[in-house]
Amino acid sequence: MRRSSFSVVTAVAFLLAFPFAPAGAVDAVVGVSPATLDVGIVDVGLSGTADVTITNTGTATLTVTDIGADNGQYTVTPAAFTVGAGLDQVVTVTFVPTVVGCETATLTITHDGTGDSSATVTGIGSITPPIGDLQGDTRIAHESTVDGNTDIYTADIDGLNRTRVTTDVNEDRMPTWNADGTRLAFASNRAGTWQIYTIGADLTGLTNISANGYNDWLPKWSPDGTTIAFESDRSGSGAEVWLMDPTGANQRAQPGLAGLTDAGHPGWAPDDSKIVFQARPAGNWEVYVVDVDGQDLQNLTNEAGSIDEQASWSSDGTQITFRDDNDLTAILACGPVVRSYGGGTVSSWSPDGEWIVYANLSNGISIVSADGASTLAWTPAGSMERTFEWSPFLSPIDPQVVVASPADGDQLAAGTTSATLSVTISNHDAPGYWAWQLDEPFPDTGAIPAGAPWVLTGDTDTVSPLVDSTTYTVYVALVDGTTDLLLDATEYPSSRDSVTFHVGPATIAITA
């Protein structure tokens, strides 16, 4: 019998050269969950996180070589790894906002498998609004017909103590405050077309700053006072959003709005980074947001058959109010509805973000708390009152730090070796820091003393080691995040605080 020449050695060599996969076997298969992440609201300069799970449902090892984000405010850790067959890897997405409002990113996953290769992440940047005395230190600018024609007035937040700002026989409308409340901009048709004027809050220095033959109206002063956004018809193809310096110089169209019809009624994000406005590209009014540099155009409402317009940004940057048909509605900066306040149109937020003044449906003014639970009484002038803006705090606002824990006079339990140190900070611009040290007051000015820890605003620190039967005093001071120097305590006395606490049993004095 003739023997086969196909030996065992030959068979092994063949299998090595041409391996067979088991029936039904597949390569690494990638699953991403969740495919859409929400980091939530995060203060500018601080960080928030969300986790996403990369799953390998295949039979081969998955190699991920990179996970990148197309928005520099997001990072991913780890960004490169391997995942065995049937296993998964949790990665953390960190959001460190540099601006307020809605910030999205697409995460692109580079890997050697098949299946999912991306996820979307969303977060909202916020700032802490200033605090102060609304009744005694703010005013509401508005237009009124109380003296026969439409003029600009200011009043306390209860509608009393009115001051008439303009007296022209033509219409003066749509007032807006500059950053320190010393000047107002408004629109007037006294020159034959609608032009934008500025005037001092002391009623001096009236100036036509737009000064052209077009119609320019609905001015809105940026929170930092450097720019006025407004609506103009100068292109001849409907309304557009334009920008100019407060002197009227450097007039230019807001970039990034090509293709939008009747873009207008602009408003500013509280950190000047974005503009909210209305437009109707398909015949339907919608609320949009765009970066000041023209990037990242977003349709926030995208609601067919509804009139969405006249938007205003909250003082912390997290919400936007607008007219939804005839209801005043608040949405988060990324779009979901927060609440409806009922019948109302144009609105403006108080500088501390706690209240909203708005035009009711009876041609009057109403004021409601941001949570919708309370109202403030406004004394009407007995005439039509509308289009208005709440002023900033009119007096300088001092940065303030208060030690929240330990509390002054606390008696910590015996054996306590450390304590969490937390502070409450207000009116301190980001990026801001605070420093602390034990049993030694900070100097009024200058550099942080050597050895004194300094902490990012919003974070806590740990005081340790602590020893029983010992009394400690913790001193804290605010630090300028730009210069890394202590805030001047003589100029800002509220930038310092201290607490004294005791650890363990009190020291007992023994007398004969």
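The values are calculated or read from the model by the stated rules, or taken from the named source; none is laboratory data. Source: prediction; values computed, not measured. All Cβ positions, even for glycine, are placed from backbone atoms using ideal geometry, and neighbour counts span all protein chains on display.
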Check your understanding: If you check THR482, THR470, which single one turns out to be outside the structural domain of THR98 (by TED's automatic domain parsing), under 25 Å from HIS502 (Cβ atoms) and surrounded by fewer than 17 Cβ atoms within 10 Å (Cβ to Cβ)?
Key -> THR470
Review point. Here are PRO392, PRO396: which of them is at pLDDT 95 or above and under 30 Å from PRO493 (Cα atoms)?
Key: PRO392
**Study point:** Yes/no for ASP151 being more than 20 Å from PRO392 (Cα to Cα) and buried (at least 19 other Cβ atoms within 10 Å of the Cβ)
**Key:** yes
Point to revise | Among the candidates ILE157, ILE196, residue that is in contact (Cβ under 8 Å) with a residue 12 or more places away in the chain, crowded, with 19+ Cβ neighbours inside 10 Å and outside any strand (DSSP E or B) | key: ILE157
Check your understanding: Just checking, how many residues over the range 264-292 are farther than 23 Å from ALA185 by Cβ and in a loop (DSSP other than H, G, I, E, B)?
Key -> 6
Check your understanding: Does the range 297-316 contain at least one residue that is part of a strand (DSSP E or B), aliphatic (A, V, I, L, M), crowded, with 16+ Cβ neighbours inside 10 Å and assigned by TED's automatic domain parsing to the domain that holds GLY236?
Key -> yes
Point to revise | Filter result for ASP468 (without any contact (Cβ under 8 Å) to a residue 60 or more places away in the chain and in contact with a Gly (Cβ under 6 Å, 6 or more places away or on another chain)) | key: yes
Exercise for review: Could you check, for the range 83-100, whether at least one of its residues is over 19 Å from GLY317 (Cβ atoms), buried (at least 23 other Cβ atoms within 10 Å of the Cβ) and either of a type in the set (Ser, Thr, Tyr) or modelled with pLDDT of 95 or more (or both)?
Suggested key: no
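Out of all the residues in the range 202-243, which are of a type in the set (A, V, I, L, M) and assigned to a strand (DSSP E or B)? So that I can check it myself, show each step before the final result.
Step one: filter the range 202-243 for residues of a type in the set (A, V, I, L, M), giving 203, 206, 209, 211, 218, 228-229, 239, 241, 243.
Within the range 202-243, LEU218, ILE228, ALA229, VAL241, LEU243 qualify.
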Point to revise | Whichever residue in the range 366-386 is surrounded by fewer than 23 Cβ atoms within 10 Å (Cβ to Cβ) and under 19 Å from LEU218 (Cβ atoms) and, among such residues, is modelled with the lowest pLDDT | key: ARG386
Study note, to complete from the structure: Considering residues that are under 18 Å from PRO336 (Cα atoms) and in contact with a Gly (Cβ under 7 Å, 6 or more places away or on another chain), the number found within the range 257-307 is 8
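In the set GLY415, GLY446, GLY451, which member is within 36 Å of the chain's Cα centre (by Cα), farther than 30 Å from GLY132 by Cα, at pLDDT 90 or above and not assigned by TED's automatic domain parsing to the domain that holds LEU46? Explain how you work it out, then say what you get.
Values: GLY415 fails: within 36 Å of the chain's Cα centre (by Cα); GLY446 fails: farther than 30 Å from GLY132 by Cα.
Every option except GLY451 fails the conditions.
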Exercise for review: Could you check how many residues of the range 319-348 are in a strand (DSSP E or B), over 15 Å from the mean Cα position of the chain (by Cα) and not β-branched (Val, Ile, Thr)?
Suggested key: 12
Study note, to complete from the structure: Over the range 256-294, the set of residues exposed (fewer than 15 other Cβ atoms within 10 Å of the Cβ) and under 21 Å from ILE228 (Cβ atoms) is ASP293, GLY294
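Enumerate the strands (runs of 3 or more DSSP E) found wholly within the range 349-455, keeping only those where 1 or more residues are without any contact (Cβ under 8 Å) to a residue 40 or more places away in the chain.
Working: elements: 355-359, 365-369, 385-390, 400-405, 419-426, 432-438.
The strands (runs of 3 or more DSSP E) meeting that bar are 355-359, 365-369, 400-405, 419-426, 432-438.
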Review point. For ALA141, all conditions in the list (1) farther than 21 Å from SER232 by Cβ; (2) in the same structural domain as VAL276 (by TED's automatic domain parsing); (3) not in a strand (DSSP E or B) hold save one; what is the number of the exception?
Key: (3)
Check your understanding: Are there any pairs, at least 6 apart or on different chains, whose C-beta atoms fall under 8 Å, with the first in the range 493-504 and of a type in the set (Asp, Glu) and the second at pLDDT 95 or above and surrounded by 17 or more Cβ atoms within 10 Å (Cβ to Cβ), and if so, which?
Key -> ASP497/TYR475; ASP497/VAL476
Exercise for review: Kindly establish whether THR145 is touching a residue at least 12 places away in the same chain (Cβ under 8 Å), more than 24 Å from the chain's Cα centre (by Cα) and surrounded by fewer than 22 Cβ atoms within 10 Å (Cβ to Cβ).
Suggested key: yes
Check your understanding: Taking the range 183-209 only, how many residues are small (Gly, Ala, Ser), more than 20 Å from PRO392 (Cβ to Cβ) and modelled with pLDDT of 95 or more?
Key -> 2
Check your understanding: Do we have any residue at all in the range 70-79 that's of a type in the set (D, E, K, R), surrounded by 14 or more Cβ atoms within 10 Å (Cβ to Cβ) and within 18 Å of ASP38 (Cα to Cα)?
Key -> no
**Study point:** Search result, residues across the range 408-444 that are within 27 Å of LEU46 (Cβ to Cβ) and hydroxyl-bearing (Ser, Thr, Tyr)
**Key:** SER418, THR420, SER422, THR424, SER426, TYR433
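Considering only residues that are over 17 Å from the mean Cα position of the chain (by Cα) and not aromatic (Phe, Trp, Tyr), look in the range 272-286 and name the one that is nearest to LYS220 (Cα to Cα).
Checking each candidate, the answer is GLN278.
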